[in-house]
Amino acid sequence: MTMLVPPWLEPLLNTAFFSICRTHGDAARSECNMYCLDCNDNAFCFYCRSSIHKDHQVIQIRRSSYHDVVRVSEIQKVLDISGVQTYVINSARVLFLNERPQPKSSGKASSHVCEICGRSLLDTFRFCSLGCKLVGIKRNGDSSFILDAKNEVLALQRGEGISSRGGNQLREGLEHDNIYPPTPPPPPSNARRRKGIPHRAPLGS
């Protein structure tokens, strides 16, 4: 299995993100939402990256509804994500790091489910997350996370692991991400004000 899974993946999946950095706790961007693939250690914040991991290979973890996600554009450069369901959230294509609780059944059986946890999928993928693909590799050995030179080029060109329908939309927001809702436009200058109730002048005696 050592040839199928990079050494940093399992520690990454077991890392707790979004705690406050002990060194830069008073700073604005002090949440530990980054992971260094070279150091393969704990999560760290934006300022630690600038000072300690400046020239290292680093990925940023984001959150969607309290679950950790990573952007496909980042992770597909270092990992074969084929077979893992991807989603589009706030125009960013992401995938989940670990298994999520299965939502209550709506009464409709899904034709696509994760091979490991049984979670309903939107397309013909095998796994719901990187964690479930890791379990599948350990169990069956019929998949891999390792990118060779040829597959790496194909992944970047074709978007490996992405649905042929252009990805699926999740009505969720990415937390701890530099994605903000658009500022609402100001009201038009010629907007009519509601007229007050006219009062009749008092009659003279």
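The values are calculated or read from the model by the stated rules, or taken from the named source; none is laboratory data. Keep in mind it's a predicted model, so treat the numbers as computed, not measured. Virtual Cβ from ideal backbone geometry, glycine too; neighbours counted across all protein chains shown. With ligands, DNA and RNA removed, areas are computed over all heavy atoms of the protein, side chains included. Shrake-Rupley method; radii C 1.70, N 1.55, O 1.52, S 1.80 Å.
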Expected vector for the stretch 28-38, Karplus 3J(HN,Hα) from phi with 6.51, -1.76, 1.60 and θ = phi - 60°, integer Hz, x for Gly and Pro, equals 5, 10, 9, 6, 7, 10, 10, 9, 9, 6, 7
Taking 7 Å along the Cα-to-C-beta vector as the label spot, tell me the Val113-Ser50 distance in nanometres, rounded to one decimal. 4.9 nm
Amide H neighbours of Met34 under 5 Å, at least 5 residues apart or on other chains, H built in the peptide plane: list them. Phe44, Ile61
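Cys39: net charge of surrounding residues, Cβ under 14 Å, Lys/Arg +1, Asp/Glu -1, itself excluded? Can you show the working numbers first?
Values: positive: Arg49, Lys54; negative: Asp38, Asp41, Asp55.
Result for the neighbourhood of Cys39: -1.
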Taking a 1.4 Å probe, which of Thr86, Thr124, Thr15 shows the most accessible area, and what order do the others take after it? Thr124, Thr15, Thr86
Amide H to amide H, which residues 5 or more places from Phe96 or on other chains are under 5 Å from it, using H placed in the peptide plane? Leu130
Area of Glu115 that stays accessible when all protein chains are in place (1.4 Å probe, Å², to 10): 90 Å²
